[in-house]
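K.L.:
What follows is a structure written as structure tokens; I'll ask about it next.
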Amino acid sequence: MDVTTKIAAAGEAAGTAVSPGKGGRAEPAKRRALISREPMHEQILPHIRRDIVEGRWRPGERLPEPLLCAEFGISRTPMRDALKILEAEGLVELVPHVGAVVTDPTQPDVAEKMEVLSALEQAAAAKVAATRPAAVLDQISRLHAQMSAAAHGNDATTYYRLNDEFHRAIVLGANNKTLADMHEHIMWHVHRARHRANEYESLSQGAAEHHERIVRCLIDGDPLAAAAAMNEHLHDVAGSIVGHLAHKPN
């Protein structure tokens, strides 16, 4: 299951009912029962990760372990195992005598992650252009057409979802598990930056032209041009994200 699918699945599994929380923040009224053969901490991990990425828990805020344990109906042991993974992913910091505190990524930190993301996606684009797997190219072309329709209709939510699927399809199309795993880890931070900034690329003609160029290079089987088109596109995306962070309130 790729990163964008995991985000969607986490949301569905978390349930849709909400109740007012502290400070008026919406909180899940009740988590759907967690029944799986996976270890308990792996079951709750995508839910907590999604809550951080989408802003339920803000940077600098301590995660309320007792509340979360009650939501999931679990003991503190699997909760702490999940928090250790989130710390390794850079989403929380485990502070002695305090607990798990949501990290506040700096502008340089996000810029570094975007640089790595760009390198990974350039490599993936070059590989897809070199191998030209028919099913992958069909999927990428279909997603691009759907993105164009969403942009034309000014449907930002659908556009961003399809955009994530478009980029992930290129990465998975490279058929390199190590590259895909590294990309998934970085993408959580990109999703988080997008939610904090409300957007990470505009519904502009420039963005549409970038995607069109990427698709054309992939179909033409030109690895160097595909990598260059991806680099140009993600350079603009990174500028948007880092620019938003530069103007965020202290």
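K.L.:
What single numbered condition from (1) of a type in the set (D, E, K, R); (2) surrounded by 16 or more Cβ atoms within 10 Å (Cβ to Cβ); (3) over 29 Å from residue 239 (Cα atoms) fails to hold for residue 65?
P.N.:
(2)
K.L.:
While we're on this one: Can you tell me which of 82, 100, 135, 126 is outside any helix (DSSP H, G or I) and among the aliphatic types (A, V, I, L, M)? Show your work before the answer.
P.N.:
Working: 82 fails: outside any helix (DSSP H, G or I); 135 fails: outside any helix (DSSP H, G or I); 126 fails: outside any helix (DSSP H, G or I).
From the options 82, 100, 135, 126, the qualifying one is 100.
K.L.:
For residue 110, are the conditions met, namely being in contact (Cβ under 8 Å) with a residue 40 or more places away in the chain, surrounded by 12 or more Cβ atoms within 10 Å (Cβ to Cβ), under 17 Å from residue 190 (Cα atoms) and among the hydrophobic types (A, V, I, L, M, F, W, C)? Break it down into steps so the answer makes sense when it comes.
P.N.:
On the way: in contact (Cβ under 8 Å) with a residue 40 or more places away in the chain: yes; surrounded by 12 or more Cβ atoms within 10 Å (Cβ to Cβ): yes; under 17 Å from residue 190 (Cα atoms): yes; among the hydrophobic types (A, V, I, L, M, F, W, C): yes.
Considered against the rule, which asks whether it is in contact (Cβ under 8 Å) with a residue 40 or more places away in the chain, surrounded by 12 or more Cβ atoms within 10 Å (Cβ to Cβ), under 17 Å from residue 190 (Cα atoms) and among the hydrophobic types (A, V, I, L, M, F, W, C), residue 110 comes out as yes.
K.L.:
Taking residue 56 as the residue in question, decide whether it is under 24 Å from residue 157 (Cβ atoms) and modelled with pLDDT of 55 or more.
P.N.:
Numbers: under 24 Å from residue 157 (Cβ atoms): yes; modelled with pLDDT of 55 or more: yes.
When the stated conditions are applied, residue 56 passes them.
K.L.:
From the list 151, 156, pick out the single residue that is assigned by TED's automatic domain parsing to the domain that holds residue 225, under 14 Å from residue 212 (Cβ atoms), in contact with a helix residue (DSSP H, G or I) (Cβ under 9 Å, 6 or more places away or on another chain) and modelled with pLDDT under 90.
P.N.:
Working: 156 fails: under 14 Å from residue 212 (Cβ atoms).
After applying the criteria, what remains is 151.
The values are calculated or read from the model by the stated rules, or taken from the named source; none is laboratory data. Small disclaimer: the values here were computed from a predicted structure and weren't measured. Every residue, glycine as well, gets a Cβ built from its backbone with ideal geometry; the counts of neighbours run over all protein chains shown.
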